[in-house]
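> Just passing along the structure, written as structure tokens.
The values are calculated or read from the model by the stated rules, or taken from the named source; none is laboratory data. Please read these numbers as outputs of a predicted model, since none were measured by experiment. Virtual Cβ from ideal backbone geometry, glycine too; neighbours counted across all protein chains shown.
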Amino acid sequence: MQVGLEVGGIARGLHQDGVLIDGRNLTSALVDTADQLAARPRRALFEASFEYRGVLVRTDLLLPAKRGWRLVEVKASASVKPVHPADVAIQAWVAEGAGVRLAETALACIDTGFVYSGEGDYRGLLAEHPMGEEIEGLRTEVPKWIRAARATLAGPEPDIEPGDQCTDPYACPFLEHCVPPQEETGYPPEILPRARPSPRHCARRVISTFARSPPGVSSTHCTSASASPRRAVCPSSTPRRSGS
Ligand code: SF4
């Protein structure tokens, strides 16, 4: 998270005439963005904010282009990850829906060959990857993802067991609700013979079971009836979204 913020700050520093849209009040952010889009001369916008059909996004970089604007999503990542195109597709869908003419979309990742020469000169740190082709087929999917997410929110809590989806590709904000932190004991699951790495929720439940069981009594796996999973509104029941 901190690295992401620092990389975002560096990306802004590379466009020194840019304008940061204050996001503390999202209504004001939308108005300020509209004002900056209409201003002349056009300048780079950081955290430009758009709303379309009830979906709000804040874009890392929105740069003036020959015919419109370039939307650049900045990632503290050395390469384009499978989740990134969907992230950019959602942002592009919202921005275009809000009336922005996007000439290009790109993802800026860290160039691992970059050599820092000092004095705050980070030119060359970020390598841009055009995303036009990658997101082309996803644009029509975005409305479906949003419909599915809304249906999930409107319905009862889905019966989803916590698992890898809770932390990959991003930590879910409901994690503490679905998997409350357990008190640590002196019997971590790793002491078991042939113990394998397991999802964090399994580890926590085993710890919890050990805490309840007297010595010598075997543990109960988390899928058993006595350790039924918590239920939550689970983003994993719908296609994953991006972060903005
Ligand atoms: S809501 Fe779903 S993805 Fe999030 S922590 Fe709960 S089970 Fe995991």
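> Evaluate region 142-149: report whether one residue or more is crowded, with 17+ Cβ neighbours inside 10 Å, more than 17 Å from the chain's Cα centre (by Cα) and either away from the ligand (no atom under 16 Å from the Cβ) or farther than 20 Å from residue 11 by Cβ (or both).
No, there is no match, as no residue in region 142-149 is crowded, with 17+ Cβ neighbours inside 10 Å, more than 17 Å from the chain's Cα centre (by Cα) and either away from the ligand (no atom under 16 Å from the Cβ) or farther than 20 Å from residue 11 by Cβ (or both).
> Does region 23-55 hold any residues that are surrounded by fewer than 20 Cβ atoms within 10 Å (Cβ to Cβ) and in a helix (DSSP H, G or I), and which are they?
Within region 23-55, 26, 27, 28, 30, 31, 34, 35, 36, 37, 38 meet the criteria.
> Also, quick follow-up: Does region 75-95 contain any residue that is aliphatic (A, V, I, L, M), surrounded by fewer than 15 Cβ atoms within 10 Å (Cβ to Cβ), in contact (Cβ under 8 Å) with a residue 12 or more places away in the chain and farther than 22 Å from residue 44 by Cβ?
Yes - at least one qualifying residue is present in region 75-95.
> Taking region 113-151 on its own, how many of its residues are assigned to a loop (DSSP other than H, G, I, E, B), hydrophobic (A, V, I, L, M, F, W, C) and within 21 Å of residue 56 (Cα to Cα)?
Within region 113-151, residues that are assigned to a loop (DSSP other than H, G, I, E, B), hydrophobic (A, V, I, L, M, F, W, C) and within 21 Å of residue 56 (Cα to Cα) number 2.
> Next question. What number of residues in region 97-120 are touching a residue at least 12 places away in the same chain (Cβ under 8 Å) and of a type in the set (Asp, Glu)?
Looking only at that region, the number is 2.
> Separate question: Which condition number does residue 7 fail, the rest of (1) in contact with a strand residue (DSSP E or B) (Cβ under 8 Å, 6 or more places away or on another chain); (2) at pLDDT 95 or above; (3) assigned to a helix (DSSP H, G or I) being met?
(2)
> Please go through region 124-141 and give me each residue that is surrounded by 11 or more Cβ atoms within 10 Å (Cβ to Cβ) and among the charged types (D, E, K, R), ordered by number.
128, 134, 136, 139, 141
> Let me ask you something else. Just name the residue that is farthest from the ligand (Cβ to nearest atom) out of those in region 152-165 that are outside any loop (DSSP other than H, G, I, E, B) and touching a residue at least 60 places away in the same chain (Cβ under 8 Å).
153
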